[in-house]
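Participant: Structure provided below as structure tokens; questions to follow.
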Amino acid sequence: MIAFNFCGEEFPTEPKTAFYDWLYITALYQKKKDLMPELETYQGFSDIVFNPNRSLNCQARAAALFVSLSKNGLIDKQIFKNKDYYLAFLNEKKQFPPIEQFGQQISLF
């Protein structure tokens, strides 16, 4: 596999879970008002079907990423509108505000 293509937008295969996570957090963002109050009550997520020997993508990881981004004030439309912005964030190439600015520290990974 050389890339993913979604609505004419090409996503690279590295980082390995970037495309799937982007799809999942985009769907969560679209339903944020309905889902966020419930999601933020949890401190962790699990996916009982996930098997790392058969798959790289995990819904629990994507949900945790979404909640972490949201709690840290890092959810903005740029992440969903600009794949390069999102990929730079994942690759830690983009400079974001220090986590201390947001109070309680929450790890993305």
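Participant: Can you send over the solvent-accessible area of Lys16, 1.4 Å probe, protein chains only, in Å² to the nearest 10?
Facilitator: 110
Participant: Along the Cα→Cβ direction, 7 angstrom out, place labels at Ser68 and Glu38. What is the inter-label distance in nm?
Facilitator: Placing both labels 7 Å beyond Cα along the Cβ direction yields 2.3 nm.
Participant: I want to check the label-to-label distance for Phe6 and Asp84. Put each point 7 Å from Cα in the C-beta direction and report it in nm to one decimal.
Facilitator: Taking the two extended label points, one gets 1.9 nm.
Participant: Output wanted: per-residue J couplings in Hz (rounded whole) for region 24-30, from phi through Karplus 6.51 cos²θ - 1.76 cosθ + 1.60, θ = phi - 60°, x for Gly and Pro.
Facilitator: 5, 5, 5, 5, 5, 4, 5
Participant: Return the sequence-ordered ³J(HN,Hα) values of region 6-18 in whole Hz as given by the Karplus equation 6.51 cos²θ - 1.76 cosθ + 1.60 applied to θ = phi - 60°, using x for Gly and Pro.
Facilitator: With the stated coefficients, region 6-18 comes to 10, 6, x, 9, 8, 10, x, 8, 10, x, 4, 9, 4 Hz.
Participant: If you place +1 on the Cβ of every Lys and Arg, -1 on the Cβ of every Asp and Glu, and leave all else neutral, what size is the dipole of region 1-96 about its Cα centre, to the nearest 20 Debye? Mind showing how you got there, number by number?
Facilitator: Details: 12 positive and 11 negative charges, 20 e Å.
In debye, rounded to 20, region 1-96 gives about 100.
Participant: Oh, and also: Using amide H atoms built in the peptide plane, which far-off residues or other-chain residues are under 5 Å from Phe11 H to H?
Facilitator: Phe4, Asn5, Phe6
Participant: Can you pull the Rg over Rh of region 18-88, Cα-only, Kirkwood? Numbers along the way, then the final one.
Facilitator: Details: Rg = 12.3 Å, Rh = 12.7 Å.
That ratio equals 0.97.
Participant: Using 1/(1 + (r/R0)^6) with R0 = 30 angstrom and r between the beta carbons of Leu56 and Gln30, what's the FRET efficiency to the nearest 0.05?
Facilitator: Numbers: r = 24 Å, r/R0 = 0.78.
Plugging the Cβ-Cβ distance into 1/(1 + (r/R0)^6) gives 0.80.
The values are calculated or read from the model by the stated rules, or taken from the named source; none is laboratory data. In this text, all values refer to a predicted model and were calculated from it rather than measured experimentally. Here Cβ is always computed from backbone atoms with ideal geometry, including for glycine, and neighbour counts include all displayed protein chains. What goes into the accessible areas is simple: the full protein's heavy atoms, side chains included, and nothing from ligands, DNA or RNA. Shrake-Rupley method; radii C 1.70, N 1.55, O 1.52, S 1.80 Å.
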